[in-house]
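In what follows, a single structure is set out as structure tokens and then discussed.
The values are calculated or read from the model by the stated rules, or taken from the named source; none is laboratory data. Note that this is a predicted model, so its numbers are computed, not measured. With ideal geometry, Cβ positions are generated from the backbone for all residues, glycine too; neighbour counts draw on all protein chains shown. Calculation scope for accessible area: heavy atoms of the full protein, side chains included, ligands and nucleic acids excluded. Shrake-Rupley method; radii C 1.70, N 1.55, O 1.52, S 1.80 Å.
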Amino acid sequence: MEKKDQWLKEFEAREGRKPSPQEFVIAKEAGFPLVEDDLANRWAAAFETLNQRKPSPAEYMAAKKQGFPINQSESSSKQEENSLQEVEISSQDREKVQDPKALWVQAFEAAHGRRPGPQEVALAKETDFDVDYLPDLSSVETVAESVVVAPVQADESPAPVKKEKRLKLSRKQVLTGAAIGLVLIALGGGYYYFDKESGTDLAVDQFSKQIENSKFQQLAESFSDADSKNVNWSAEDAKNFVQYLNKDGKLESELSKLEADPSYIIKDENGNQLLGLEETTKKLGLFPVYEVKTFPLTITAKTNLDTLSLNEQKVEKDKELALGDFSFAPHSFAAKGKTDAGDLHTDIRAELSEAKENSLTLSISNVDKNLQASLPSDVQGASDIKLYVNNKEVAKELTKKLKLIENQTIDVHAQFKFEENTYTTEKSKLVVKPGEESLVVDLQLSSDIQQKIADARKAKEEKAKQEEDAKRKLEEDKVVISNFMSSYINAMRNSIRNRSVGFTDYYDTNSEAYQVMYNYVANGGVAAARIDYQTTLEYTVTDVAKEGNDYKVTVSNSFKEVYTNGKSDTVHKNQVFMLRPENGSFKIYSISEY
């Protein structure tokens with residue numbers, strides 16, 4: 001195929017036109033030679049030097065018959081002499097042989113619907129009026145311009161013949177000759193045409209181009225039409241089939257084998273017949289026409305379940321059900337039944353890897369499987385986990401042994417608590433594959449959930465930072481408040497001893513606590529209690545807590561109270577002071593005891 005195309009390209013570049021049917025047939029019989037041998041090249045060069053032009057196709061063919069004689073003048077003289085002579089016909093052969101010129105003229109008229117012109121007759125003479133070299137109309141004008149001939153008046157005066165008068169042809173002979181000429185023309189041109197329009201290469205080329213151009217709908221239609229069992233193909237089936245054909249990258253080499261041998265069948269490692277060629281007809285009874293054919297996949301099902309249906313077809317327990325013939329592509333069947341995962345409503349998928357010799361059995365068995373799920377690493381430490389299969393809670397952890405059916409498709413997801421919030425993972429589809437005891441699934445989070453977790457984590461970190469800052473600030477404030485309270489209690493002790501108010505700067509003077517202490521010291525409270533003075537034994541700030549913008553200060557207060565009669569008592573009080581920050585210091589506005 002490749003050599004033929006190269007020959008056609010080389011011919012058109014050399015001659016400036018397409019080959020005639022006869023030239024194509026001659027080249028095909030010679031194996032499509034790409035370059036003429038040295039003798040032909042030398043002859044052509046000598047001809048062009050002598051005649052100042054390239055030889056016509058007829059001159060080239062005539063020289064080829066003579067073995068490409070290098071003596072160009074002798075060859076040209078002989079061709080000129082032949083163009084002026086008629087063919088000699090002996091008297092005893094008149095009834096057997098027809099006039100070649102007349103036969104050629106009749107064939108020309110039958111082929112082109114008109115009489116030949118002078119230039120066309122001149123070209124025909126160069127081939128002795130051989131009907132095999134009937135001029136190609138698409139190239140007559142070009143050839144005629146390159147050939148210099150004397151005007152010829154066809155059929156107006158009898159051409160001279162040696163020894164005999166010009167042969168007269170009967171109507172029957174003319175018609176017979178014309179018919180023979182048409183047959184020869186049809187065979188020559190038809191061979192070229194039908195060779196291009198038939199054969200394994202045409203079928204394989206068309207298939208390859210459809211793949212290259214992703215014409216999967218066209219492939220699906222051709223597969224469906226060619227299938228003797230009327231298997232319907234979809235465009236998706238055709239796409240999956242092509243991918244399966246080329247899964248090991250050997251499709252191109254396999255198609256080459258198919259093109260070389262139409263009986264070859266492309267198979268996979270499991271003995272499945274995938275692609276072949278089928279002869280559909282013969283053009284002219286000689287040229288076989290092929291089309292690419294596929295081989296169907298026969299699918300059956302069996303189960304040990306008491307209740308099961310596939311695509312609404314009931315599958316009897318322990319009995320095999322023929323589901324039919326399908327395109328060689330993955331197929332899914334709607335299954336209904338009962339398993340540990342609850343009522344079964346799922347798809348059973350027929351995987352091509354399980355097909356052998358174009359047959360596949362769906363084994364739908366109730367078997368033990370270990371389900372092992374995992375959460376994303378960024379939510380490690382999650383709590384309150386709940387595992388779901390087909391929306392049914394099956395465990396409060398991420399592992400569970402279940403009775404499921406092989407080839408069943410299940411949806412798995414989990415719910416969990418993380419950073420005080422509850423989240424749900426995406427549903428992950430999982431196929432229960434035959435022969436595998438464990439089902440492992442990595443659960444994923446949607447982008448929205450991931451963002452929520454990230455926001456929650458950030459908020460927690462910010463809160464922790466704020467709490468840490470507040471704690472540190474409180475410790476700093478506790479030192480300041482302790483100093484404030486020590487200064488305050490000294491002022492109180494002096495005020496009691498001196499019977500004068502010296503603690504005003506420590507109080508909110510509008511508060512009730514201030515009025516109480518003011519009256520106690522200035523309005524006779526101390527005198528009535530016959531207190532001479534107080535001596536501090538312990539005055540410790542035991543706790544400082546922030547309440548809004550204010551501070552709650554707990555104090556352990558132990559002191560010796562000496563009376564005016566010389567007696568004394570030890571007094572202990574647990575007091576709570578409420579302080580309000582003001583101008584870099586604090587103001588007491590409440591005092592209580594407990």
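Listed values, structure above:
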{"read-out": "Global geometry of the stretch 230-361, whether rounded, prolate or oblate, following the gyration tensor of its Cα atoms and the 1.5 cut on a/c", "value": "prolate"}
{"read-out": "Heavy-atom SASA rank of THR554, THR535 (probe 1.4 Å, accessible area, largest first)", "value": "THR535, THR554"}
{"read-out": "Solvent-accessible surface ranking, highest first, for LYS18, LYS125 at 1.4 angstrom", "value": "LYS18, LYS125"}
{"read-out": "Pairs from LYS473/LYS573; LYS215/LYS283; LYS396/LYS429; LYS396/LYS452 whose Cα-Cα separation, in the structure shown, is over 25 Å", "value": "LYS473/LYS573; LYS215/LYS283"}
{"read-out": "Point-to-point label distance, SER208-ALA529, nm (Cα→Cβ direction, 7 Å offset)", "value": "11.3"}
{"read-out": "Of all accessible heavy-atom area on the stretch 496-565, the percent that carbon and sulfur account for (1.4 Å)", "value": "41"}
{"read-out": "Cut-off under 5 Å, modelled amide H: who pairs with LYS433 long-range", "value": "ASN407"}
{"read-out": "Computed over the stretch 416-536, Cα set: Rg, Dmax in Å", "value": "32.3, 99"}
{"read-out": "Percent carbon-and-sulfur accessible area, the stretch 304-414, ignoring ligands, DNA and RNA, probe 1.4 Å", "value": "41"}
{"read-out": "Unit Cα scatterers, Debye sum, the stretch 365-434: log10 I(q)/I(0) for q = 0.19 Å⁻¹", "value": "-0.73"}
{"read-out": "Inter-part distance where the stretch 376-446 and the stretch 545-578 are each reduced to a Cα centre, Å", "value": "62"}
{"read-out": "Listed residues ILE265, ILE453 arranged by accessible area, highest first, probe 1.4 Å", "value": "ILE265, ILE453"}
{"read-out": "Hull volume in cubic angstrom per residue (convex hull over the Cα atoms of the stretch 470-594)", "value": "100"}
{"read-out": "The stretch 225-299 - accessible surface per residue (Å², probe 1.4 Å)", "value": "54"}
{"read-out": "Long-range Cα-Cα pairs in the stretch 354-475 (distance over 26 Å), rounded percent", "value": "40"}
{"read-out": "Sites matching GluC sites (Glu not before Pro) across the stretch 286-336 that sit in DSSP coil, with at most 16 neighbouring C-beta atoms within 10 Å", "value": "GLU312, GLU316, GLU320"}
{"read-out": "Extension gain from GLU426 to THR281, taking 0.36 nm per residue of separation minus the Cα-Cα distance", "value": "46.6 nm"}
{"read-out": "The stretch 316-457, accessible area per residue, ligands and nucleic acids excluded (1.4 Å, Å²)", "value": "52"}
